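Values in this text are rule-based calculations from the coordinates and carry no lab data. Source: prediction; values computed, not measured. Cβ atoms come from the backbone with ideal geometry, glycine included; neighbour counts cover every protein chain shown.
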């Protein structure tokens, strides 16, 4: 579905992605884990077309999207749930969702709108309850649901999520990961960037570890959970202390 | 039957993407964690970020057995020792041993890859497998053992040696699959015949043989004598051990586990890639090893890749059975000669046994080769004339196969030392 080869990207003189190759197959949950500043968000932003790729290929469903503007990438079926949710706080929940269906308008498929809303409300009943409320008045968890719902309104085949658990209470984080799992069960494909590596690897099929703009490990989520480097660096296990006991 | 159908029948372009991802991650890791590779790449001015395709691997330097020896014992490990759960050492057939390590994930991968090879060879969980490879530092025994357990077969870890006991256990335990070197399989077959036991009193169905080069003629002989389906498999401890490649029941080349190993075939003299399908030295880069990754390891094994698809449905490319070793390659009177060529000729000649030895010496400035061949008993009682005829026939056939004349000496059956492990086929007495 998504195939990336030797991607390079950055900001101004700063090279953030040095050489990234990865792929996502249909129906998979793939997670990218890594420390702050490793290049996770840059990677998602480059795939989304928010940042232009400097070199390499991004192929989505057989089409090269590396130099495509963001709106065209969304139109092809690849949506981003951005870091920090970024809902339009002075608009209502429903208006936020309708904005997510902007591509349906472009396709002259606005009659699909009620069905899209129904689907999102089915997934997140709380959004239906707060339909007329301003997005800025929602709790963090609700805003995250709204951000996911907004992305789903574009009927994407690939949903990319940037740190959906960030800043949320542990119980809410659990809900968010349950939603990701449910999205996959309903046939969606998910590319998930997370600092909460343990939770992400538990729901993912495969994972990549990114460090200073390069992939240093890849494999099944199960193998990555068993990898000592991953445990030490990203799962917060102090192996030295454990061996002493 | 496949063990990991998705990986074994993956489309070519999907696998190439996977290989590239894994190659790049491996290069990033060795550059970070193995000073040997970092220094070598840096001193050659190689930036691993410039490796952007599978073919780009040709920009990287080779790793040789000597590099492994120079970094004895742990110098090339890419993880700290506390993450290593197993240590093996190469069998050291030719020289000092080299040490390799495995993480928990490596052992899991290894078991799965051996399970693939066993499954491809026809083995299932219902089989009783007698593993007559040496257990210990040699990777053969343990490697196959873990793979056999992985598929759920019943494993008899008998290890090598004590042929009479092997045969008794094979009979009593109703062994259905034998795993050892091909030369040892032949020794077992001959011993069974000598003991006068009918092969039909055994339950053997399959044999998986490896760890040394053997010929198609030898396969035929083993299959006929033991009444089994005999498949070839390939591996080497420096890269992982058994599980690198193995034949399916088509018995027409060994499927390489390409999602875990990137292979190249090079001309051992020019070090350039040979044309597709041509014979050369196999070079392997590991794509998933954690503890002991190797980059462009020169195996010294001679083979060629078979690009045509296999009827079994696996998309994993095949390699021809190993034709010899570059260091077994004898340069006689300037001509490259492989023991396997000689073996091939002998198998086709009536009256000879599949046991032989090649003795190379120097007379004056000239290389002199004598092939000692065991003959079946009756011929020694026959008249001299028949013996001479046989010698002439072997000489003629060898000359046409090798392109040089060699001496032939007939010896009595069993006068050449038998091996329970790897057979020693060449004795080079030349002092240059």
Practice task
Wrap a convex hull around the Cα atoms of the protein assembly as shown, take a quarter of its surface area, and give that in square nanometres.
Solution key: 35.8
Completion exercise
Taking N as the residue count of the stretch A:10-56, its alpha carbon Rg divided by 2.2 N^0.38 Å gives 1.20
Completion exercise
Taking N as the residue count of the stretch A:63-197, its alpha carbon Rg divided by 2.2 N^0.38 Å gives 1.00
Completion exercise
Residue span residue B:225 to residue B:107: 0.36 nm per residue of separation minus Cα-Cα distance leaves a gain in nm of 39.0 nm
Exercise for the section: Given the options A:227, A:196, A:96, state which has the largest fluctuation in a GNM of chain A using a 10 Å cut-off (strictly under) for Cα springs. Expected result: A:227
Problem - Per-pair calculated FRET efficiency, R0 = 22 Å: residue A:71 and residue A:186 via Cβ, rounded to 0.05 - result: 0.30
Practice task
Return one number: the angle in degrees, 0 to 90 and rounded to the nearest 10, between the long axis of the Cα atoms of helix B:104-120 and the longest principal axis of the Cα atoms of chain B.
Solution key: 40
Handout entry: Added length on full extension, which subtracts the Cα-Cα distance from 0.36 nm per residue, residue A:169 to residue A:99
Key = 22.4 nm
Fill in the blank from the handout: Under a Gaussian network model of chain B whose springs join Cα atoms within less than 10 Å, the largest fluctuation of B:148, B:275, B:217 belongs to B:275
Handout entry: Peptide B:26-33 - average C-beta neighbours from other chains (10 Å radius)
Key = 4
Practice task
Find the relative contact order for the stretch B:330-428 and round it to a whole percent, using C-alpha pairs within less than 8 Å whose residues are 6+ positions apart.
Solution key: 33
Practice task
Could you calculate, for the stretch B:330-428, the ratio of the Cα radius of gyration to the Kirkwood radius, expressed as Rg to Rh?
Solution key: 0.96
Handout entry: Overall form of chain A per C-alpha gyration tensor (a/c, 1.5; a/b vs b/c)
Key = oblate
Exercise for the section: With an 8 Å cut-off on Cα pairs and a minimum separation of 6 or more residues, tell me the relative contact order of the stretch B:221-341 in percent. Expected result: 19
Exercise for the section: Would you compute, from DSSP H runs of 4+ residues alone, the mean residue ellipticity of chain A at 222 nm, taking -39500 (n - 2.57) per run and dividing by the full residue count, rounded to the nearest 500? Expected result: -11000 deg cm²/dmol
Practice task
Rounded to the nearest 0.05, what FRET efficiency do residue B:359 and residue B:82 give with R0 = 30 Å and r taken as the Cβ-Cβ distance? Could you check?
Solution key: 0.05
Exercise for the section: Return one number: the angle in degrees, 0 to 90 and rounded to the nearest 10, between the long axis of the Cα atoms of helix B:12-33 and the longest principal axis of the Cα atoms of chain B. Expected result: 70
Exercise for the section: Would you look at the GNM of chain B, springs on alpha carbons closer than 10 Å, and say which of B:372, B:333, B:65 moves the most? Expected result: B:333
Fill in the blank from the handout: Per residue convex hull volume, Cα only, chain B, in Å³ is 147
Exercise for the section: Please find the FRET efficiency linking residue B:39 to residue A:212, where r is the Cβ-Cβ separation and R0 is fixed at 30 Å, and quote it to the nearest 0.05. Expected result: 0.90
Fill in the blank from the handout: For the stretch B:97-154, the Cα convex hull volume per residue in Å³ comes to 80
Practice task
Using only alpha carbon pairs under 8 Å that are at least six residues apart, calculate the relative contact order of chain B and give it in whole percent.
Solution key: 14
Fill in the blank from the handout: If one compares the long axis through the Cα atoms of helix B:139-151 with the longest principal axis of the Cα atoms of chain B, the angle in degrees, nearest 10, works out at 70
Handout entry: Inter-site label distance for residue B:389 and residue A:106 at 7 Å from Cα along Cβ, in nm
Key = 8.8
Handout entry: Inter-probe distance in nm under a simple model that places probes 7 Å from Cα toward Cβ, at residue A:198 and residue B:370
Key = 7.3
